[in-house]
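First the structure, in the form of structure tokens, and then the observations on it.
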Amino acid sequence: MKFTLSWLKEHLDTDESVEKLADKLTMIGLEVESIEDKARQLAPFTIARVISAEQHPNADRLRVCMVDTGNGAAPVQVVCGAPNARAGLISVFSPPGTYIPGKDITLGVGTIRGVESRGMLCSEAELKISENHDGIMELPADAPVGTAYASWAGIGDPVFEINLTPNRQDCTGVHGIARDLAAADMGKFKDPGIKQIRGEFPCPVSVKVEDASLCPGFALRLVRGVRNGPSPKWLQKRLTSIGLRPINALVDITNFMTYDRARPLHVFDAAKVKGDLVVRRGREGETLLALDGRTYTLDSSMCVIADEQGVESLAGIMGGEASGCSEQTTDVLIESALWNEINIAQTGRKLGINSDARYRFERGIDPAFMVPGLEMATKLVMDICGGTPSDNVVVGKSFGDDRIIEFPLTEVKRLAGVEVGFPEMKRILGHLGFMVAGSGPAVKVAIPSWRSDVHGKADIVEEIVRIVGVDQVPMTPFERGEAPRKPVLKPMQLRTRRAKRALAARGMVETVTWSFISRPQAELFGGGKAELALANPIASDLSDMRPSLLPGLIAAAQANSDRGFADVALFEVGQVFRGDRPEDQFTSAAGVRHGFATQAGLGRNWTGSAGANAFDAKADAFAVLAAAGAPMQALQVVPGGAAWLHPGRSGSIQIGPQNVLGHFGELHPRALEKLGADGPIVGFEVILDRIPEAKARPTRAKPALELSPLQPVTRDFAFIVDRTVKAGDILRAAQSVDRKLVTAITVFDVYEGKGIEDGKKSVAIAVTIQPREKTMTDQEIDAVAAKIVAEVNKKTGGVLR
Amino acid sequence: MDCERILSEVPVAMSDLARLEAQILADIAAASDEAMLEAVRVAALGKKGSISALLSTLGKMSPDERKTQGAAINLAKDKVTQALAERREVLKSAALDARLASETVDVTLPLRDAPTETGRIHPLSQVWDELTAIFADMGFSVAEGPDIETDDYNFTKLNFPEGHPAREMHDTFFFNPKEDGTRMLLRTHTSPVQVRTMLSQKPPIRVICPGRTYRIDSDATHTPQFHQVEGLVIDKGSHLGHLKWILHEFCKAFFEVDHINMRFRPSFFPFTEPSLEVDIQCRRDKGEIRFGEGEDWLEILGCGMVHPNVLRACGIDPDTYQGFAWGMGIDRIAMLKYGMHDLRQLFESDVRWLSHYGFRPLDIPTLAGGLSS
């Protein structure tokens, strides 16, 4: 919402400065976004006369001018490049030290090709008042030399722009803004009554409203015998000062009413309207050539004003070209109506029309001002264009009935924590147009018709507090009280946080990628459900909610590789989606390694330069699970399991076949190809929600520690097995021999090649045997070893090497 | 044998013993490795060694003679024994030195950076943890909710009238309508978590709701996904003054300054009444922002008293309970605090940017240790 200081002063008797007014507007909730004060910005630019303009001795295109800057000052020498610099020209001069807005420089004293120049003659572009930079400005011969250009040109009126919140319909007009400022002690509100204008004949056009829910009120009047044409200077200036283009007097009056009184109107050229008007729903396929020159196709959800020929206007949004007013208009129909806010908003959105009328109607117009608005417009038409008014035609029941609420005076203190005396409350509410009856403890407050945003007690508190000033509300300590100190993080939040730190501590870099990915990517990773596809994605490659973090991470790794950073280890802990219900959203932890980004570090190194492999990814997955509190002993690793991973170099981590926690391994080359990524890339993903919750224990004490006085014994075994035998099976077989005595097993060598038969491999394990009750004899230990050999042979076919 | 015979027959002259001792000590000193030293030892103290032989002659001597001779020979034996031990230490030490001298490594070979030095926590996660630390200290717990929401929780229960222009302030991502005509959406703020909290928990309530949010917007200062943290307090007496205090305490703690001026401006949100926007004092200096000083105001959050309609929609009686809520962008406050200039970089996964603006994994924000120290 834009307005100028002089326009404001039409409604507010004030001597406050622009800064003070702007600050107050912001502090009462009408946030000033910008103030354009040309009088101040352009103060150093004055009107000057070129006394002489001689050819520059050293440059063909330059002229050396002597300039009379007025006020009896000595002529100033200026070097000027403009072709129109000539003796006798009245133009605009700026002295050294002036900031030139159009060039974003501060002028100095210069010497141009050996000739001193003490200022500048300016173009409009240099003042940033237009794009015109064809030479210096040419002012009329009677322009007063020595005075400030901006005030002479009438562009000195400061322009305020307010970032209006959608609740304040009343402040879409200058009148409403002035009312708020007056309540905030910024001056006296000017609110002369509006006189009714008696009609001199019955209005020949009748109005029928088919659906009152779409049009609660409609007022119409004919003014006969008007002379339309350019509107008077004052009106044109009002409109141009806020960036509107004057069209003709009748149209300008409606635009003026829109910005002055927040009362959009429409004017029809009565000669172009056939028969009576009807307010009805649009018909499917009906079209309207609107005043913006575009043709809109209508439907039955929209509200229109039609005559016998068809639709003449899109109600509350934009008029039609066919019945619009032109300079030839002699009889004008003025419409002042009320429209259903939601319907206006929906229609405007559907047709993509952002008009000043829509902006106001969808916020809700002051219903009580429908008829007064028509009277005021009639007066303006008659004053400017002459003519004879008809009677008003008014359709609708009642407009702007009083709404009264019961307001306990203690509400202000209760909600806002600030003491405001009743007289002050009454004063503020009175200024804002509320009527207060009674003296407490509860009073009756009548809400003015233009404040459709005010409904209840809290709204009244807001009105009082914003005018008193929120800075008057004392800061009040809010102690945490006696509430017990409990953990503030839930188990899942703790897992998430630990997973992140654990992965970062492994040298991985955390990323945050988009929650949406492309449909083909989603499908590749087990997603692509219709319920997870956005109806209005921002781009086609951001169309589906991600079922996995891996596509985003792989894309990120590739982007870094493309930038020349191929050795990257990235991770993300975030949400993934398997459906649209809350329980279908999971928290996933995933990571990828590309190039030489192993657990040991990034890049090639003299200590070893292998690329990342599936075991780096497995170690990442296990690190996350351990950090997140998974029962590590219960985890099983089975080969394969995810279609997007290399079938032979990947595995799944599960607690029984029903609870698969995640996958790890090398990415499938076909998946990488579809993602446009260069492999090999290894990665993992685990779903943190799938980790079973640890049982709550009644004490924080750790279980008692039993330290055996007996020394453990370690025995090594090397088994020759088929290549396909899984190490895990050998370990499980060895472990199963005696779960009490066998306390640890490690694999310390895996070998294939020379000395081992083709298709076989050697797997060497070290078994730790912890005697329980007494030291074991060699025979007893040998017996356990023999059982291990036998069991491994039975389960895997392995024989001792 | 000759020697034995001579010694048994001829009383040993002192000078002979002295000469023998001197010879053995010279041999010890001359031994250049442990094997040579051992040969000297055997020759002197072995079963058939020269000193051992002398000792064996003592038995045939008279008691007086034995006394003087025995003492002299044993003294010589002790001297030799000690000399042998000393020489052995010297030789052992020299041998170790020699071995060590051959075992050099090039200590200038560079180390790999420790994983804890190269790994990074994203600034958003770090700030998330900072927020949690500050509000946990004030007695708030952390509530989260789904990204995919219903229209009811994202708008209707929050007092957004159907078709009201306020809904347009939230450019919403929708999913395709279901068979029953309803359609899910991506939450435009984390306020639905407030709704879920109020529906599932009885007052008093003190929670913060951090989370990912979405709006259709993409330019230099907007991304289609961003992050918010909202706060909610519901009880019987909390008012605007408390809200101002909490936010003031938060801003001081978060920006780690002793003083900060704040400006509370009336504004409008459907779900609060009164509604406020909050600016903080700052100074812009060569592309850096300093907080707690300067003349500029920077908008950082919106807040207000929870609208009675919202309380009612969540089953709370607005005449008994009251409270306040606020919301701010985690991305925005992270950028302000840590001097990140381009919002889009937060989501571009550029390792150069992440290494620079990210945090080391063990730099865990705590109030005890300082949020960012």
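Cα centroid separation, region A:548-602 to region A:441-467: 53 Å.
Result for chain B in a Gaussian network model with C-alpha springs under 10 Å: among B:59, B:358, B:323, the largest mean-square fluctuation is at B:59. Neighbours of residue A:157, meaning other residues whose beta-carbon lies under 13 angstrom from its beta-carbon, give a summed charge of +3 when Lys and Arg score +1 and Asp and Glu score -1. Distance from the C-alpha centroid of region B:50-83 to that of region A:654-722: 75 Å, rounded to the whole angstrom. For region A:110-177, the set of GluC sites (Glu not before Pro) satisfying both a DSSP loop assignment and a count of at most 15 other C-beta atoms within 10 Å is given as A:131, A:138.
When region A:24-170 is described by a simple charge dipole with +1 on each Lys and Arg Cβ and -1 on each Asp and Glu Cβ, the residue from A:169, A:30, A:93 located farthest towards its positive end is A:93. Dipole check for region A:83-209: with +1 at the C-beta of Lys and Arg, -1 at the C-beta of Asp and Glu, and the Cα centre as origin, the magnitude is about 320 Debye.
Residue-wise HN-Hα couplings along region A:305-320, as the Karplus relation 6.51 cos²θ - 1.76 cosθ + 1.60 with θ = phi - 60° gives them from phi, are 10, 10, 10, 5, 7, x, 5, 10, 7, 8, 3, x, 10, 6, x, x Hz; Gly and Pro carry x.
Between B:49, B:211, B:327, the GNM of chain B built on Cα springs shorter than 10 angstrom shows B:49 fluctuating the most.
Here the Karplus relation 6.51 cos²θ - 1.76 cosθ + 1.60, evaluated at θ = phi - 60°, turns the backbone of region B:177-187 into coupling constants of x, 7, 4, 7, x, 6, 9, 7, 9, 8, 4 Hz, with x for every Gly and Pro. Taking the number of Cβ atoms within 10 Å of each Cβ as an exposure proxy, the fewest-first ranking of B:118, A:607, A:388, B:108 is B:108, A:607, A:388, B:118.
Comparing region A:208-258 with the 2.2 N^0.38 Å rule of thumb, its C-alpha radius of gyration ratio is 1.52 (two decimals).
Volume of the convex hull of chain B (Cα atoms only), normalised per residue: 327 Å³. Looking at region A:43-197, what % of its DSSP beta bridges pair antiparallel, to the nearest 5? If we restrict to bridges inside region A:43-197, about 100 percent are antiparallel. Between the listed residues A:417, B:297, A:481, the Cα displaced farthest toward the positive end of the dipole of the protein assembly as shown, a dipole computed from Cβ unit charges relative to the Cα centre, is found at A:481. Taking other C-beta atoms within 10 Å as the exposure proxy, B:265, A:294 rank A:294, B:265 from fewest upward. Calculated from the alpha-carbon coordinates, region B:196-250 shows an Rg and a Dmax of 15.0, 43 Å respectively. Along the axis of the charge dipole computed for chain B (Cβ charges of +1 for Lys and Arg, -1 for Asp and Glu, origin at the Cα centre), the listed residues B:218, B:57, B:245 are led at the positive end by B:57. Taking other C-beta atoms within 10 Å as the exposure proxy, A:165, B:190 rank A:165, B:190 from fewest upward. Put a plus charge on the Cβ of each Lys and Arg, a minus charge on the Cβ of each Asp and Glu, and nothing anywhere else: the dipole of region B:48-203 about its Cα centre is then about 1880 debye.
Computed over the alpha-carbon atoms, region B:1-154 gives an Rg to Rh ratio of 1.73, Rh here being the Kirkwood radius from the mean inverse distance.
Rounded, prolate or oblate: which one fits region A:531-586, using the alpha carbon gyration tensor with axes a ≥ b ≥ c (rounded when a/c is under 1.5, else prolate when a/b beats b/c, else oblate)? Oblate. Evaluated with a Cβ-only charge set (Lys, Arg +1; Asp, Glu -1), the protein assembly as shown carries a dipole of roughly 2540 debye about its Cα centre, given to the nearest 20. Annotation note: trypsin sites (Lys or Arg not before Pro) in region A:387-454 located in DSSP loop regions with a Cβ neighbour count of at most 13 within 10 Å are A:397.
If you wrap the tightest convex hull around every Cα atom of region A:338-469 and split its volume per residue, you get 171 Å³. Does region B:63-209 come out rounded, prolate or oblate, given a ≥ b ≥ c as the square roots of the eigenvalues of its C-alpha gyration tensor, rounded meaning a/c under 1.5 and, failing that, prolate meaning a/b above b/c? Prolate shape, in that a/c is at least 1.5 and a/b is the bigger ratio. Residue A:768 sits among other residues whose Cβ lies under 14 Å from its own Cβ, and their net charge, with Lys and Arg +1 and Asp and Glu -1, is +2.
Between region A:293-367 and region B:327-363, the C-alpha centres lie 48 angstrom from each other.
Annotation note: trypsin sites (Lys or Arg not before Pro) in region B:268-373 located in DSSP loop regions with a Cβ neighbour count of at most 14 within 10 Å are B:286. Summing charges over all other residues whose Cβ lies under 14 Å from the Cβ of residue A:519, with Lys and Arg as +1 and Asp and Glu as -1, gives -1.
Here the convex hull built on the C-alpha positions of chain A has a volume of 303 cubic angstrom per residue.
Under a 5 Å amide H to amide H cut-off, with H placed in plane at 1.01 Å, what residues pair with residue A:229 once short-range neighbours are removed? Sorted by chain and number, the residues that satisfy this are A:249, A:250.
Relative contact order for region A:621-704: 25 percent, from Cα pairs under 8 Å spaced at least 6 residues apart, divided by residue count.
Coordinate-derived values only; no laboratory data. Values in this document were obtained by computation on a predicted structure and should not be read as measured data. When we count neighbours, we look across all protein chains shown, and the Cβ atoms used for this are built from the backbone with ideal geometry, even at glycine.
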